[in-house]
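Quick note: the coordinates plus some simple rules give every number you see, no bench work behind them. What you see is a predicted model, and the numbers here were worked out from it, not measured in a lab. Neighbour counts are summed over all protein chains in view; Cβ atoms, including those assigned to glycine, are modelled from backbone coordinates with ideal geometry.
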Amino acid sequence: MKKVLIALAALVVTTSVFGQGTVVFNNRNPAAGIDAKILLPGGAGVSGAAFTADLIAGPAGTALAKLVPVAGSTTTFRTGAAAGYVNSTTVTIPGIAAGGQATIAVRAYNGSTYAGSSLFGTSAPITIGTGNPTTSPPGTPTDMVGLTGFTLVPEPSTIALAILGIAGLLIRRRK
């Protein structure tokens, strides 16, 4: 009987050791007060599978430049009247204790990677508490309350940058 109790105690302890914080990756949830629409430069909502959104995160207080992509958080956008809003998913943030605080931001882009995209943008970072799936009963993932919408920015072409550089040189030469 002692062995069974010890084994059960070991199982309970290891379950809580591996627990990680969870969030609901969704930029629209009226019940939670979230309406963070992601827009194209012309003002229309980002729409369809041609665009990707992912979550970047780190421990509470992490600067935006230091946040890292969360594996498994990549999703696409809804269409029609729901354009500008991501297809919701639940995300586990590695390295954040279950129920702990995390700083997160949403990235959206139109290429296969954020760095290689011609249209991209990032939300302002927010710090939120995460859900705790190791409690009994398990805690629910938290919503991204405080998230704000943003507009994607086009990457300037190389030719446009060259023209600006040449114009700057010509203006400097005239003086």
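Using the rule -39500 (n - 2.57) for each DSSP H run of four or more residues, divided by the residues of the chain, the 222 nm mean residue ellipticity is -6500 deg cm²/dmol.
Shape class of the chain from the alpha-carbon gyration tensor: prolate, with a/c at 1.5 or above and a/b greater than b/c. For the chain, the longest principal axis of the alpha carbon atoms and the long axis of helix 2-17 meet at an angle near 10°. Here segment 29-175 carries DSSP beta bridges of which approximately 90% are antiparallel, counting only pairs with both residues inside.
The dipole here belongs to the chain: it is taken about the Cα centre, uses +1 on the Cβ of Lys and Arg and -1 on the Cβ of Asp and Glu, and is about 540 debye. Could you work out how far helix 158-174 tilts from the main Cα principal axis of the chain, as a 0 to 90 degree angle to the nearest 10? Roughly 50 degrees between the two axes. Residues F77, F150, ranked from the fewest to the most other C-beta atoms within 10 Å, line up as F150, F77. Close amide H partners of A124, meaning residues 5 or more places away or on another chain with modelled amide H under 5 Å apart, are T148. Label-point separation (nm) for A71 and A167, each offset 7 Å from Cα along Cα-to-Cβ? So the two model labels end up 4.6 nm from each other.
Here the residues S117, S136, S88, ranked from fewest to most Cβ neighbours within 10 Å of their Cβ, fall in the order S136, S88, S117.
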